[in-house]
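Asks: Mind having a look at this structure? Questions to follow.
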Amino acid sequence: FLCVGDGANGKGTLLRLITVMLGSQNVSHIGLQKLTSDRFAKAGLYGKLANIAGDISSERLTETSEFKGLVGGDMQMGEHKYGHAFAFTPFARHVFSINQMFESSDTGYAFLRRWVVIPFPHTFAVTDMDTKLQTPGEMSGFFNLAMDAWRNAGGQFTLGESITEAGKQFHEAIDPVVSFIKEMTVTGAAEEYQVEKPELYRV
């Protein structure tokens with residue numbers, strides 16, 4: 001899951017709420033780029049229910065094979081520094097938040113389909129929401145709401161219109177070619193819609 005939006009819109013509050021609900025001992029906090037570039041990072045996922053990382057880097061993601069393996073249920077080799085390597089199958093769900101979207105060298109379907117992008121378009125006045133929301137009564141209520149929603153959806157995540165649209169925008173944001181085609185070209189079958197390749201490159 002990727003929560004996207006500028007500051008003061010509830011992303012951090014949600015991530016902290018999920019962490020408390022799952023129990024801090026069951027959650028790791030490893031950023032996306034670190035998971036894909038640091039060979040010791042994925043060992044931190046061992047035995048965790050979720051990996052929750054807020055405000056991840058917007059730097060270009062140049063390697064995605066590790067990420068796809070981690071979220072695809074493949075067996076992984078973990079390694080602690082100065083320790084022995086070990087095999088494990090990670091089951092942690094990844095929840096990230098970001099302000100400015102990263103670009104990626106991988107824009108294929110195998111990468112894109114692994115993301116559920118959740119937009120956070122609204123801004124809220126800064127208040128002590130964590131204290132109010134993380135009482136035992138509120139946490140119990142949130143858990144019950146989550147379970148009801150899960151049962152009503154038949155054990156599947158449902159994607160509303162805003163999330164579906166956010167997924168399309170995610171593809172455009174990480175792939176400059178898609179963004180260019182959308183902004184700078186029009187499509188059609190008639191001859192007037194054709195352009196010579198050198199002219200297209202000049203644009």
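The values are calculated or read from the model by the stated rules, or taken from the named source; none is laboratory data. Quantities reported herein were computed from a predicted structural model and do not represent experimental measurements. Here the Cβ is made from the backbone with ideal geometry for all residues, glycine too, and neighbour counts use every protein chain on show. We work out accessible area using only protein heavy atoms, side chains counted, and drop any ligands, DNA or RNA first. Shrake-Rupley method; radii C 1.70, N 1.55, O 1.52, S 1.80 Å.
Asks: Taking 8 Å as the Cα distance limit and 6 or more residues as the minimum spacing, I'd like the relative contact order of the chain as a percentage.
Replies: Across the chain, relative contact order equals 25 percent.
Asks: Please calculate how many Å² of accessible area region 1-127 carries per residue, with a 1.4 Å probe and no DNA, RNA or ligand atoms counted.
Replies: Per residue, region 1-127 has 53 Å² of solvent-accessible surface.
Asks: Express as a percent, rounded to the nearest 5, the fraction of DSSP beta bridges in the chain (both residues included) that run antiparallel.
Replies: Just about 25 percent of them are antiparallel.
Asks: Identify which of Lys42, Lys34, Lys182 has the largest mean-square fluctuation in a Gaussian network model of the chain, with springs joining Cα atoms closer than 10 Å.
Replies: Most flexible of the set in this elastic network: Lys182.
Asks: Any idea what the alpha-carbon Rg over 2.2 N^0.38 Å comes to for region 41-98?
Replies: Its radius of gyration relative to the 2.2 N^0.38 Å reference: 1.18.
Asks: Next up: Tell me, what % of the accessible area of the chain is carbon and sulfur with a 1.4 angstrom probe?
Replies: 55
Asks: Which Rg and Dmax, in Å, describe the Cα atoms of the chain?
Replies: Rg then Dmax for the chain, in Å: 20.2, 66.
Asks: Dipole of region 1-126 (Lys/Arg Cβ +1, Asp/Glu Cβ -1, origin at the Cα centre): which of Ser24, Phe1, Val116 lies farthest to the positive side?
Replies: Ser24
Asks: Taking only the alpha-carbon atoms of region 1-121, what semi-axes of the equivalent ellipsoid follow from 5 times the gyration tensor eigenvalues under a square root, in whole Å, largest first?
Replies: Value: 23, 18, 12 Å, ordered largest first.
Asks: What's the ranking of 144-155, 58-69 by average number of surrounding C-beta atoms within 10 Å, highest first?
Replies: 58-69, 144-155
Asks: If you don't mind, another one. Ranked by accessible surface with a 1.4 Å probe, highest first, in what order do Phe86, Phe157 come?
Replies: Heavy-atom accessible area, descending, gives Phe157, Phe86.
Asks: Given the DSSP H assignment, sum -39500 (n - 2.57) over each helix run of at least 4 residues in the chain and divide by its residue total; what's the result at 222 nm in deg cm²/dmol, nearest 500?
Replies: -11000 deg cm²/dmol
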